[in-house]
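The values are calculated or read from the model by the stated rules, or taken from the named source; none is laboratory data. The shown structure was predicted, so the numbers you read here are calculated from the model rather than taken from an experiment. The protein model used for the area step is the full one, side chains on, heavy atoms only, and it has no ligands, DNA or RNA in it. Shrake-Rupley method; radii C 1.70, N 1.55, O 1.52, S 1.80 Å.
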Amino acid sequence: MLCAPPLATAQAPAAGADDGDVLAVGVKIAPPFVIKEGDRYTGLAIEVWEAAAKEHHWRYRFRQFDLAGLLAATRDGQIAAGLGAVTATAERERHMDFSHTLVSSGLAIAVARNPTPGWMAMLQALTTPGFLAGAGGLLLVLLIVATLMWAFERRGNPAQFNRGPARGIGSGLWWAGVTAATVGYGDKIPRSLPGRLVALAWMFIALVAVSAFTATITTALTVEHLEGRVRSPSDLPYARVATVAGTTSAQWLAEHHIAFTAAASAEQALIELREGHVDAVVYDAPLLSYL
């Protein structure tokens, strides 16, 4: 993408001129659009500019900027044009003109080729919202069953289900857990008719509840280990994300209330990803693909 000062400014004789008729052209390093090789610049945007300059017999000199500097210099008319991976936005178009796009694309997500193995991957899987919700649901059901058992057994069976709420419900939790796990120690046995009806119902309910919880654990561990933590944009709010500060990708993450680590460059963000400090890097698709 090529950006230039507004048309009225660009048509002025001295706009972006440097040393007489030599045009000052700003560049921002952004492979594969602008690549610096020694003292010369190459890349898709450079090739397009050089073709246009040859056709129109323009003389020019490149000046390197970061993204913010390139946009400011273009807006203020300090340069005749700016070259790089510059996304055209409504805000930027109020201050400068843009060429036709070289590449039509959006943002992309980079994740590690091999997710974190071993115990670290397991610990990450066990802290996912799905797993925590499943564990919390099972604990809630256990607590309800334990309370019912204590309420029915505390008078007629105080030796096994203490009359006190804390110890009595605790005994109920132990019984409900042992029954759900089909261990069957036999140390806690309901004697009242309501207690035995609760026990009978819980035996069948526990088969479904434990099966669902086991499936949740298996899915979490398998998916996290094989595919990693981020598989779509909907996973980003629950992951450690990095992007380049001051870019449209940073703006997109902020608009969607996704916390992120601001890196100085895409290369630095990918280093953070490779070293396991972040789970994903969000950035312009062509630049991520090239890197």
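Figures for the structure shown
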item: L23 long-range amide H proximity, modeled H, under 5 Å; result: D18, R59, Y60, R61
item: Solvent-accessible area of M203 with every protein chain in place, 1.4 Å probe, in Å² to the nearest 10; result: 100 Å²
item: Accessible surface ranking that places the most exposed of L173, L287 first, with a 1.4 angstrom probe; result: L173, L287
item: HN-Hα J in Hz across the stretch 92-109 - Karplus 6.51, -1.76, 1.60, θ = phi - 60°, x for Gly and Pro; result: 5, 6, 6, 10, 7, 9, 10, 6, 4, 5, 7, 9, 9, 7, x, 8, 9, 10
item: Estimated Rh, the chain: Kirkwood, alpha-carbon pairs, angstrom; result: 24.1 Å
item: Whole-number accessible area per residue in Å² for the stretch 142-291, which is evaluated in the context of all protein chains at 1.4 Å; result: 55 Å²
item: Carbon + sulfur, % of accessible area of the chain - ligands and nucleic acids excluded, 1.4 Å; result: 60 percent
item: Extension gain (nm, one decimal) between E37 and A53, 0.36 nm per residue minus Cα-Cα; result: 3.7 nm
item: Kyte-Doolittle mean at least 1.6 and Cα axial length at least 30 Å: DSSP H helices in the chain; result: 129-153
item: Accessible area, probe 1.4 Å, largest first, for residues L70, L288, L139; result: L139, L288, L70
item: Whole-Å distance, taken between Cα centres, linking the stretch 258-291 and the stretch 40-91; result: 25 Å
item: Amide H partners (placed H, <5 Å) of A242, local residues excluded; result: T261, A280, V281, V282
